[in-house]
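Only one structure is covered here, and it is reproduced in the block below.
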């Protein structure tokens, strides 16, 4: 696996945000390779640049400097509308606060990325979405709206949505931050299974100490720099 | 299963159905207002154009000493003339329903003819061959007469009243409505008129040209050529009258009125557009994160933009479904009223398809156009920034800092109540785009309302001035010109008459255009205010004082100019307002010199008891008797009070039509305020929860919300005051095109300005009450947890 080209490649990546008190350097000269199928945790104190890194990998934010290549695409060079299209098929994102669309049911939330990406024929989408929900243990909640679901159920639906277009990369920003320990454990197990069984690369920002027991690798950031890159188990 | 994008769009609209409904109502209101005027204009255009042309209107009327079959044959022999007829019209008065009205009785050589100025039978046996008269339909209600019953008629120049059966009703589209002109139009056979005492035979020759597109100048040429042929054949032609070809006499006025209302309809639509922009912006503000999430899920800006615009389009479609039938119905109602004012009917006239299609297009396009810029801005916002959005605007924060510093300085000076009030004022200013659009919607409504009030005041002032200049209460027309001195002497002897003055008039021409001169003696009981120059002196030299309307019709009549009229050179020495009259005043002595006699055709009388109706009626009766006994019978009489009432009703009706749009604009402004305050409260439920958590009472929060609404009203009021100046000018210019120019009143009266402020303040209190009460019903904990 290590011999193949990395799925994610960063060289000298930096990101600065303007702030009232002067520019804030969120990331600085970051060099990083992540290969396909890895389950990686990004850890560090608040303000260390963890979410910024995830946003750059998802194309949600643009790097200010350096080279950034994800799933074979140079993200800095990609125009906005192509970025959306790329994101829809190559990346699945899981948010801390789930970010399910409140006026769509669980099933419809999972099908929405399929409608955007147009990867699957329309007739197949409901079945695919139902299968994803069932695999994540919420198949029986398909026709409920997010407001009727528990936190754990919502995050499973969000994960199913992230997998809707069979992406090669799943980015999860504090996926267990809003869950109790039992649900958090379950989500971590699902993410680990994605990487180990389906070869999906999972990069997860987390504060959970328990997560380090599930991941293969952890990256520690401090003040926008990579200070530790450790392999586990 | 429906595409999820469509499902989301529809369900989002339903979730925020109050806001969605406001958008629909705002678009529907503006569309209905503008659409009503457009439909009415299109219907009236079609009805009058088709109706007038199909009536084969008269191109020219020649007034002769005698008009007979030979004259008719001469006219028909002219190569350019398609049809001709003979006519006699006689002045009269009708007594019906207890009231006396001025009337004109018309006889034609052949009522069965349909190739010129067709009359349409409404009821009764047509054509009239025997005794009895037919009435023009627009005169029926006004006259108080009933078909089948007799009316009391006295022809000018005859004594005594005769009972004449009213046999039927006709429609003559070439005439302005009788009720508008204050005239009862009657038709009868030549024999019927002769039996009533009218001179035998005809005195008018009316022709219609073959060339229906001939200009007025061309028609006049043809008329002049015919005049010359008639003169060579021994006829005396006293006058040649050429109306504007192909156009009803009031068509231009009606067009101006409807166009002006249409402009205000568009203004209402624009104001509704402001409201829609606010509402759509608020809708998008609430979807910032969801739009960002959809981008993360792979939605392209085009796909997401289409979803939001589909929402806007759906609302526009719904608004069109509501507004179009309403505008169609109101347009027919209003158009019917307008057509009736021109003596036409909308029967068989359909609203043109283009008008309906245009309205549907605007209804769909308005919310789309309103959404375009906010959607573009929302889609351009970086995803990361949108996901980090926590609902406070940068503008709000900066303003909050300044506002906080200002409050800190003012509170010790004003007292403890100042901080919450200043907070409320600051809240009103927080979202600048929304505030500006709301204030504009309010201000435009107020400006039109104040402008209409100014116009009413200007028109009233003009009427006051016109009638204030007339120092008499009664005016009589004698059936035949009589020596002025004799008329005055006889009239002065009648008990109750304080002063009597004889006037004479002359119908002549200035170039090709008709001109009426009114000769008044010194102390002719007329004292108008001069706008320019001076009044005529009593020297008898040819001097003119013209009215403003006459000068507008004939711009060469400037003060100091000299014109050749009726064989003499006349100098224009003065200019007066004159209102709706297009006249030239001169001295009676000047007209006497021109005519070589002192014959006058009217008397104006100042009464000893000017305000007594009984004295007036008594004077009229005695004057008629006295003058008839002296062989100078009265053709008609009119009190100045009646004249003033007719003129005022007519003018104020036009003012009210113009001002009606002001009410629509106020409704739009009120809706804008209600929607803005509803949104403001909705968006700040969390903030309200914080205020309650730190000890603010319900009444304090209610007062803050009301203060915010009143701040917007105050700002709208302040902006409407200067905005009303150009609106007043526009209305007064429009009125001038429709009727006559009035002295401009641009500055709103304090009463109108304060009245509007009070009205909007009341609306604000009501508009803010409901959303405020709803917000207060939510428990503080729930409001704080709301995300």
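Only the coordinates and a few stated rules stand behind these numbers; no lab work does. Keep in mind that this is a model prediction, so the values were computed, not measured. Neighbour counts run over all protein chains shown; Cβ positions are idealised from the backbone, glycine included.
Annotations
- Kirkwood Rh and Cα Rg combined as Rg over Rh, evaluated for the stretch A:32-77: 0.96
- Values of log10 I(q)/I(0), in the order q = 0.13, 0.20, 0.28 Å⁻¹, for the stretch B:237-301 under a Debye, Cα-only, solvent-free model: -0.66, -0.89, -1.09
- Kirkwood-type radius of the stretch B:127-246, with distances r between different C-alpha atoms, in Å: 16.8 Å
- Cα-based Rg and Dmax for the stretch B:277-336, where Dmax is the largest Cα-Cα distance (Å): 17.4, 58
- Residue-normalised convex hull volume from the C-alpha trace of the stretch B:506-550: 98 Å³ per residue.
- Shape index of the protein assembly as shown: Rg/Rh, with Rg the Cα radius of gyration and Rh the Kirkwood radius from the inverse mean 1/r over Cα pairs, equals 1.18.
- Computed over the stretch B:651-782, the percent of Cα pairs more than 26 Å apart is 39.
- Inter-centroid distance (Cα atoms) of the stretch B:1-74 relative to the stretch A:24-46, Å: 67 Å
- Shielding of A:162-173 by partner chains, average beta-carbon count, 10 Å: 1
- Cβ neighbours within 10 Å from other chains - mean over A:77-84: 4
- Separation of alpha-carbon centers, the stretch B:457-536 and the stretch B:656-718, rounded to whole Å: 57 Å
- For peptides B:235-244, B:148-157, sequence by mean Cβ density within 10 Å, most packed first: B:148-157, B:235-244
- As a length-normalised measure over Cα pairs under 8 Å and 6 or more apart, the relative contact order of chain B settles at 17 percent.
- From helices alone, chain A scores -10000 deg cm²/dmol at 222 nm; the rule is -39500 (n - 2.57) for each run of n ≥ 4 DSSP H residues, then divide by the residue total.
- Compactness of the stretch A:135-178, expressed as Rg and Dmax over alpha-carbon positions, Å: 10.9, 31
- Per residue, chain B reaches -19500 deg cm²/dmol at 222 nm when only DSSP H runs of four or more residues are counted, each adding -39500 (n - 2.57).
- The rule of thumb for compact globular proteins, 2.2 N^0.38 Å, goes into the C-alpha radius of gyration of the stretch B:445-582 1.24 times.
- When each of the peptides B:548-561, B:302-315, B:435-448 is scored by the mean number of other C-beta atoms lying within 10 Å of its residues, the order from highest to lowest reads B:435-448, B:302-315, B:548-561.
- Per the Kirkwood formula applied to alpha carbons, the stretch B:242-384 shows a radius of gyration over Rh ratio, Rg over Rh, of 1.18.
- Stokes-Einstein translational diffusion, chain B - Kirkwood Rh over all Cα pairs, 1.567 mPa s, 4 °C, in µm²/s: 42 µm²/s
- Only alpha carbons enter this Debye calculation for the stretch B:417-467, each as an equal point scatterer, and the log10 of I(q)/I(0) it gives at q = 0.14 Å⁻¹ is -0.58.
- Scattering from the stretch B:711-760 was approximated by placing one identical point on each alpha carbon and applying the Debye formula without solvent; log10 I(q)/I(0) at 0.23, 0.28, 0.32 1/Å stands at -0.83, -1.01, -1.15.
- Rh (Kirkwood; distinct C-alpha pairs) - the stretch B:516-584, Å: 12.1 Å
- Shielding by partners, peptide A:93-101 (average Cβ within 10 angstrom, other chains): 4
- Relative contact order for the stretch B:21-163, counting Cα pairs under 8 Å that sit 6 or more residues apart, in percent: 21 percent
- Its relative contact order, with pairs defined as Cα atoms under 8 Å and 6+ residues apart, puts the stretch A:71-220 at 28 percent.
- Kirkwood Rh (inverse of mean 1/r, distinct Cα pairs), the stretch A:1-155, angstrom: 17.8 Å
- Mean projected area of the convex hull spanned by the Cα atoms of the stretch A:45-133, taken over all viewing directions: 7.5 nm².
- Tensor-based shape of the stretch A:109-182 (alpha-carbon gyration tensor, a/c under 1.5 rounded, otherwise prolate or oblate): oblate
- Geometric descriptor of the stretch B:189-252, per residue, is 136 Å³ (volume of the convex hull of the Cα atoms).
- The stretch B:156-214 and the stretch B:253-319: distance between their alpha carbon centers, rounded to Å: 57 Å
- Rounded to whole Å, sorted largest first: equivalent-ellipsoid semi-axes of the stretch A:78-233, Cα gyration tensor: 26, 19, 14
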